[in-house]
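For reference, the structure discussed in these notes is given below.
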Amino acid sequence: MPEGTTQPIFADEPILSEVARYWAAKRNGRLMPDRTDIDPLQLRPGIWPNLLITEPVPQSTAMRYRLVGSAHVQRYTYDFTGKTTADIMQGSYRDYMERIYGTVLQQALPVYSESLFRWDNADSILQQAFTRRLMLPLSRGTPDVAAMVLSVQVWPTAIPYEPRSISELSGSGGFSQGDFVPLDRDRFTPLS
């Protein structure tokens, strides 16, 4: 991921940029907005399908999905609202996602991530799909304490397969470890 830039790391991705501007406007001078400040319906309808809202599961590294946009439901074949990362993910993908969520919550900072999924199709041809995420902390009643995560995820490359569950995708060995980086909450540039 590029360093030393003065533009947001995801400046070339309109959906991530729009959600970042929305989150920043809702901060109102605080470290992060409260969950009650966030209404996905205030974003344009083209953004809604890409959103997720999660909260930590007590005494665990798992996260519970409280809002799952329709693009995720379609991509992963079912609505996992109310489910946890432990319920729907496995292996290195679960570890990776829970590390990102943990970073957002512990540091109370936005985090940007990129990852790649690879798999063989029926003709034994290697296929891959690239994804980008912006994960943003939210407080819940206690200012300056991250209690939830607002995420937006996009897939800039077409997904060359039929939709599969997250469990199947994360257990197939097809997840290629991704990168993630905490961001400055004002400029959305990587922290040094």
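The values are calculated or read from the model by the stated rules, or taken from the named source; none is laboratory data. Keep in mind that this is a model prediction, so the values were computed, not measured. For neighbour counting, all protein chains shown are included, and Cβ atoms are generated from backbone atoms with ideal geometry for every residue, glycine included.
So here's what we get for this one:
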| quantity | calculated |
| --- | --- |
| Residues of region 21-47 classified as on the phi > 0 side of the Ramachandran plot and among the small types (Gly, Ala, Ser), total | 1 |
| Qualifying positions in region 48-78 - at negative phi, surrounded by fewer than 19 Cβ atoms within 10 Å (Cβ to Cβ) and at pLDDT 95 or above | GLU55, VAL57, PRO58, SER60, THR61, ARG66, LEU67 |
| Given (1) more than 23 Å from THR103 (Cβ to Cβ); (2) in contact with a His (Cβ under 9 Å, 6 or more places away or on another chain), number of the condition ASN50 does not satisfy | (1) |
| Positions within region 3-44 being more than 14 Å from MET148 (Cα to Cα) and of a type in the set (Val, Ile, Thr), in sequence order | THR5, THR6, ILE9, ILE15, VAL19 |
| Given (1) surrounded by fewer than 23 Cβ atoms within 10 Å (Cβ to Cβ); (2) in contact with a helix residue (DSSP H, G or I) (Cβ under 6 Å, 6 or more places away or on another chain); (3) modelled with pLDDT under 65, number of the condition ALA146 does not satisfy | (3) |
| Residue list for region 27-47, filter: farther than 26 Å from ASP79 by Cβ and surrounded by 11 or more Cβ atoms within 10 Å (Cβ to Cβ) | ARG27, ARG30, LEU31, MET32 |
| Tally, over region 1-17, of residues that are among the charged types (D, E, K, R) and surrounded by fewer than 16 Cβ atoms within 10 Å (Cβ to Cβ) | 2 |
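Residue by residue, here is whether (1) among the acidic types (Asp, Glu); (2) touching a strand residue (DSSP E or B) at 6+ places or on another chain (Cβ under 9 Å); (3) free of Cβ contacts under 8 Å to residues at least 60 places away in the same chain holds:
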{"residue": "GLU13", "(1), (2), (3)": "yes, yes, no"}
{"residue": "PRO33", "(1), (2), (3)": "no, yes, no"}
{"residue": "GLN42", "(1), (2), (3)": "no, no, yes"}
{"residue": "PRO45", "(1), (2), (3)": "no, no, yes"}
{"residue": "LEU52", "(1), (2), (3)": "no, yes, no"}
{"residue": "THR61", "(1), (2), (3)": "no, no, yes"}
{"residue": "TYR65", "(1), (2), (3)": "no, yes, yes"}
{"residue": "GLN74", "(1), (2), (3)": "no, no, no"}
{"residue": "GLY82", "(1), (2), (3)": "no, yes, yes"}
